[in-house]
Amino acid sequence: MAKKDKDFEGKNAKKILIMGLDNSGKTSILLCLKGIKNLLSFYSIRPTKGADVVAFKISDLNYSIWDFGGQEAFREEYLENFNQYIIGTSKIIYVIDIQDIERYNLALNYLEEIIKHLKEYDRSVDFSIFLHKFDPDLEQYNKKVNENTVKDIINLINEKIPPNFNYSIHKTSIYTIFEKSRLF
Ligand SMILES: Nc1nc2c(ncn2[C@@H]2O[C@H](COP(=O)(O)OP(=O)(O)O)[C@@H](O)[C@H]2O)c(=O)[nH]1
Ligand SMILES: [Mg+2]
């Protein structure tokens with residue numbers, strides 16, 4: 001099970017899970033949300049092992065954000081113990097690396113698994129999908145990713161997700177101002 005940060009396990013802390021494949025940018029997003037603006041910090045990120053819980057305050061509200069390491073062994077463990085991880089969660093952010101075309105299928109399968117497990121949980125959880133690494137000028141330097149790719153992946157997501165399941169999709173990048181409002 002994950003390490004817990006006891007100080008922020010208080011009743012008022014809003015629990016958010018960040019999930020997605022390894023290397024999709026989850027820890028970087030977390031650092032952005034924490035307000036770490038020094039880009040150098042992104043170079044020292046190590047793949048997250050297991051789940052890390054990070055706690056911080058934004059306008060007097062406490063948040064505990066669970067960063068789930070995305071490697072295969074961990075992904076299986078999360079799904080097996082999903083019922084425990086999900087307790088008290090108000091929001092899930094699912095991160096897809098828009099530049100990692102080869103792994104779209106894998107990313108979509110994991111998304112589908114999570115939603116299946118989530119449907120067994122009877123409380124409603126806000127669900128956001130980040131199409132991440134959607135950097136400014138992306139289309140200029142990465143010819144493979146363009147508005148059509150984005151449309152395609154959005155269609156694939158819509159096909160995977162059951163019709164009565166509410167979610168929102170956002171294009172994000174650590175190189176543009178990260179809107180905290182997306183979280184809340
Ligand atoms: N181009 C680009 N790279 C990013 C972005 N966000 C994260 N990365 C890079 O993607 C790699 C994996 O990021 P990390 O946060 O460790 O992913 P995690 O395994 O999901 O936690 C790192 O080299 C990051 O610098 C982004 O918005 N754009
Ligand atoms: Mg990580």
Any pair with Cβ under 8 angstrom, 6 or more apart, that starts in the range 94-115 at a residue that is under 14 Å from L156 (Cα atoms) and ends at one that is assigned to a helix (DSSP H, G or I) and basic (K, R): L108/K160; Y110/R75; L111/K160; E112/K160
Candidate set from the range 126-144 (those that are modelled with pLDDT of 90 or more and part of a loop (DSSP other than H, G, I, E, B)); member that is nearest to K15 (Cα to Cα): K133
Qualifying positions in the range 65-106 - part of a helix (DSSP H, G or I) and within 11 Å of ligand 1 (Cβ to nearest atom): F74
Residues of the range 55-86 that turn out to be modelled with pLDDT under 80 and among the charged types (D, E, K, R), as a count: 2
Output for the range 4-30, where each listed residue is surrounded by fewer than 20 Cβ atoms within 10 Å (Cβ to Cβ), more than 9 Å from ligand 2 (Cβ to nearest atom) and at pLDDT 65 or above: N12, K14
Count - residues of the range 83-92 that are more than 14 Å from V53 (Cβ to Cβ) and surrounded by fewer than 18 Cβ atoms within 10 Å (Cβ to Cβ): 3
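The values are calculated or read from the model by the stated rules, or taken from the named source; none is laboratory data. Because the structure is predicted, anything quoted here is derived from the model rather than measured. Reconstructed Cβ throughout: ideal geometry from the backbone, glycine too, with neighbour counts over all protein chains shown.
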